[in-house]
Amino acid sequence: MQYQQMFADPSAVPVLRESPNLATNSGLAEEGINRLLNACRAGRGNAGLLYEALVYAKPEDLGGDIIQEFFTRCRESQVLILSQIAWATAEAERSRQTTWSSVLTIEERLLKELLAANEELVEALRMYDDSERVANEAEVHEQLLEPRTEDFAATHNESALVSRIFLVGDPGHSGLVSASAAVKILAGSGLPTSTLAKVWDIADENKNGGLDRRGVGIAVRLIGYAQEGTPVNKALCCKRAIRQALEECPSSHSVAPSWSSRSY
């Protein structure tokens, strides 16, 4: 069964915004009341579907099509039902004045159903809001725990190596090692292209196609860990450095010096 078929469409229910004349047009009024009773049942059904979906939902599920459709249907049902409560209240009071029976009139029954359906919709929508709040808080918490390259600080040895790399990679003293120069220099580490691509993705913080001194420093540290067999990831930027040493000092005649690394 398609999820769409599980809903009664509130938009198909005519909205009664003014009290009908029950004395002269009772048939029309009763038809409208019965349709509103059906709308109440549809609203409660929508509330139940949203509630059940949220019970088993993960934070990442909230933005999915199914829950969003349930949520939208609940909102539509609530708008319709709320728009009728004042009218239904007046009609229930009027009908009570014209009967001596203890049995609920159809108008009183309608008011009772409208209030009950609205209560269930409010609870389901509140649960959605609570779930959304928890999901947002979890996302913020995850972001706070995520390693940040902003916490990177180059060691003395790393800074010295960065300076030597800039002698080769930035002959024009622009403050950036171009992508083409960086590729040649980093390739001297002997690491696979896929690993160097990960290093570049993390080190190129500004995504401007070049590395400043900070970016080269991050790359130097990540390459040191990669040469020790550690998978490259952003968290390594904040960990104890691995010391790299160039086998040959870079010069204007060599843009691809070979690397070695050792921990300290």
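The values are calculated or read from the model by the stated rules, or taken from the named source; none is laboratory data. Worth saying up front: this structure is predicted, and the values here are computed from it rather than measured. Positions of Cβ are generated from backbone atoms using ideal geometry, with glycine treated the same way; all protein chains shown enter the neighbour counts. Areas reflect the complete protein model, heavy atoms only, side chains present, ligands, DNA and RNA absent. Shrake-Rupley method; radii C 1.70, N 1.55, O 1.52, S 1.80 Å.
Histogrammed with a bin width of 5 Å, the alpha carbon distances of the stretch 164-223 distribute as 4, 22, 36, 26, 10, 2 percent, first bin at zero. Bridgeable lysines around LYS207 (alpha carbons under 27 Å apart, same-chain partners fewer than 8 residues away excluded): LYS184, LYS198, LYS234, LYS239.
Counted over the stretch 74-214 with a bin width of 10 Å, the fraction of Cα pairs per bin, in whole percents, is 9, 21, 14, 9, 9, 9, 10, 9, 6, 2, 0.
Charging the Cβ of each Asp and Glu at -1 and of each Lys and Arg at +1, and nothing else, the dipole of the stretch 41-162 about its Cα centre rounds to 880 debye. Here the stretch 27-104 is treated as a Stokes sphere of Kirkwood radius computed over C-alpha pairs; at 4 °C and 1.567 mPa s its diffusion coefficient rounds to 88 µm²/s. In this view, the solvent-accessible surface of HIS156, computed with a 1.4 Å probe and all protein chains in place, comes to about 150 Å².
Net charge in the neighbourhood of ASP212 (other residues with Cβ under 13 Å of its Cβ; Lys, Arg +1, Asp, Glu -1) is 0. If you sort TYR128, TYR51 by accessible surface, 1.4 Å probe, largest first, the order is TYR51, TYR128. Solvent-accessible area of the stretch 25-88 (1.4 angstrom probe, protein heavy atoms only): carbon and sulfur portion equals 53 percent.
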